[in-house]
Amino acid sequence: MTDLARMIATKAISPVEVVRAHLERIAALDGELRSYITVCDDAALTAARAAEAQLMAGGPVGPLHGVPYALKDLYDTAGIRTTGGSRILGDRVPAADATVVQRLAQAGAISLGKLNMVEFAYGPEGLNPHYGHARNPWDRAVHRMAGGSSSGSGVAVAAGLASGALGSDTGGSIRIPSSLCGITGLKPTYGRVSRAGVLPLAWSMDHAGPMTRSAADCALMLRAMAGYDAADASTSVLPVPDYSVALTGDIKGLRVGLLRGFFLDGAAPEVRATVETAARALAGAGAVVDDVNLDHMQHVAGASLAIVGSEALAYHAERLRTRAGEFDPDVARRLRAGAYVTGVHYVRGQQVRALVRDAVDGALARRDVLLAPSTPIAAPPVDARQVELGDGPSDVRAALIRFNRPFNLSGHPSCSVPCGFTAGGLPVGMQFVGRPFDEATVLRAADAWQRLTDFHTRRPVLG
Amino acid sequence: MNDEATDLEILRRGAQLAGFTWSDAELLEIRPLVMAGARVLHSLEDAPVADMEPATHYRTV
């Protein structure tokens, strides 16, 4: 996105050419990849022609002028259906754009369309029986999970069907597909980006954020998206910095806490070794890396279940009463299970949330960022149910969300970046976690890592 | 009453308390998930929360 924005602004390339090239690539590849639910060909080309005319007229342009991106299909878009990955909302056409969509449009970005996702964002595998399972582009022979719930966002960015995308993250739904698809995804601090006009999964855990090919691209998108919004009471009035300025490439003296115990011990051996190698490389570049354990991680699963189960069921209760047969059966089962969470469980979950928040704050008191694997495994086959982790067998769903949920509970910002590849050629992701509202340092660390390595520049072979 | 019938009756009453009326087939379908979830939720009682005030989420100025 950063390069495209510069080339378009300097008239080195036409936004019409860029949009047309993306639409041609979508037409050629997305029948197999299934990353889009709705492609907005005509609207995108119309917007691109307008952007080109504005440039030629010499008027002021925004930081993303003419740059195409795509949106997870839970962001409201005026006049364009927003399904939440469901059949139930298959014909739902919002009257207004989500706040974030408005802001990206003001920055000049052009929407290519709406991206596939897990129905109502309730699941980390990236599967969708209504619109087809998005396919991980890194393996042409085996149909592997893209990760979810922002599956289409991960696939579209990895496969070059969008230069950047919007995702949302309630238990890892930005970072899991970013990890499995080999891209960069940022879950900002809770309250940094408005959720107004975004279909909720669990209000108190939902985060909206960018998914791109680099930390620099995330910085560019976040600057355009972030900030107070009267339509979302959780948003902060703290000023939004220019995150790109923070990307100095300098990590000398940056204090990095490598999360062991629950995190590294739980990762599959190949993932653990890859992240440990990355930590050594960061230390070699001048970062001050030490080991740290986070307390209370054994209670994260219960707290997340209590909070997400209750909030998700509350949101979908009426649909579950009247249109249960139209849900993905797997999603319906999980929603129904939320009926057995009691009020006491919910409050206990919120108490554990305070414990986890304090534990993460404590670890960051003397460190700038924490480092952990984003997922304990690389992309499994779509029919996988059990996987082997560093500390024993695990249900694949629990495995995928394991390292992400703590930071949805705590609200801390976290950025997943590619940090290597398995022997089988699948991407491995690691996440930098920072202090609340200090996305600048998180992105600085992620960008510095990407200046040291080329993992984020590698592309799957397609077509 | 056998265990399965007991489980179903408990599940049915729980669903009714939450405002739902589900068939036996629907209850049987979710039973493994509910049982597994109950074990995870029960573990919350081991959390050292004492009288800690519940957090909602980060709120700032």
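The values are calculated or read from the model by the stated rules, or taken from the named source; none is laboratory data. In this text, all values refer to a predicted model and were calculated from it rather than measured experimentally. Cβ coordinates were reconstructed from backbone atoms using ideal geometry, including for glycine residues, and neighbour counts include every protein chain displayed. SASA here: full protein model, heavy atoms, side chains in, ligands and nucleic acids out. Shrake-Rupley method; radii C 1.70, N 1.55, O 1.52, S 1.80 Å.
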Based only on Cα atoms, what Rg/Rh ratio does the protein assembly as shown have, Rh being taken as Kirkwood's radius? 0.96
Proximal lysine pairs, the protein assembly as shown, alpha carbons under 27 Å, eight or more residues apart or interchain: 4
Probe 1.4 Å, accessible area per residue of the protein assembly as shown, Å²: 36
What Kirkwood radius, in Å to one decimal, follows from the Cα pairs of the range A:1-143? 16.0
For the range A:215-292, just the Cα set please: Rg and Dmax, both in angstrom. 17.1, 46
Rounded to the nearest 10 Å², what accessible area does A:Phe421 show when all protein chains are kept and the probe is 1.4 Å? 50
Quick check: convex hull of the Cα atoms in the range A:388-463, volume per residue, rounded to a whole Å³? 143
Roughly what percent of Cα-Cα pairs across the range A:141-263 reach past 24 Å? 33
Of all accessible heavy-atom area on the range A:325-417, the percent that carbon and sulfur account for (1.4 Å): 51
Could you list the square roots of 5 times each eigenvalue of the Cα gyration tensor of the range A:30-110, that is, the equivalent ellipsoid semi-axes, sorted largest first and rounded to whole Å? 26, 14, 10
Enter the buried accessible area of the A/B pair, total of both sides, probe 1.4 Å, in Å² rounded to the nearest 100. 3300
Given the convex hull of the Cα atoms of the range A:306-457, what is a quarter of its surface area in nm²? 11.8
Of the residues A:Pro418, A:Pro393, A:Val369, the Cα lying farthest along the dipole of the range A:338-425 towards its positive end, which is defined by charges on the beta carbon of Lys, Arg, Asp and Glu, belongs to A:Val369
Using only DSSP helix segments of four residues or longer, with each worth -39500 (n - 2.57), what per-residue ellipticity at 222 nm results for chain A after dividing by its residue count and rounding to 500? -11500 deg cm²/dmol
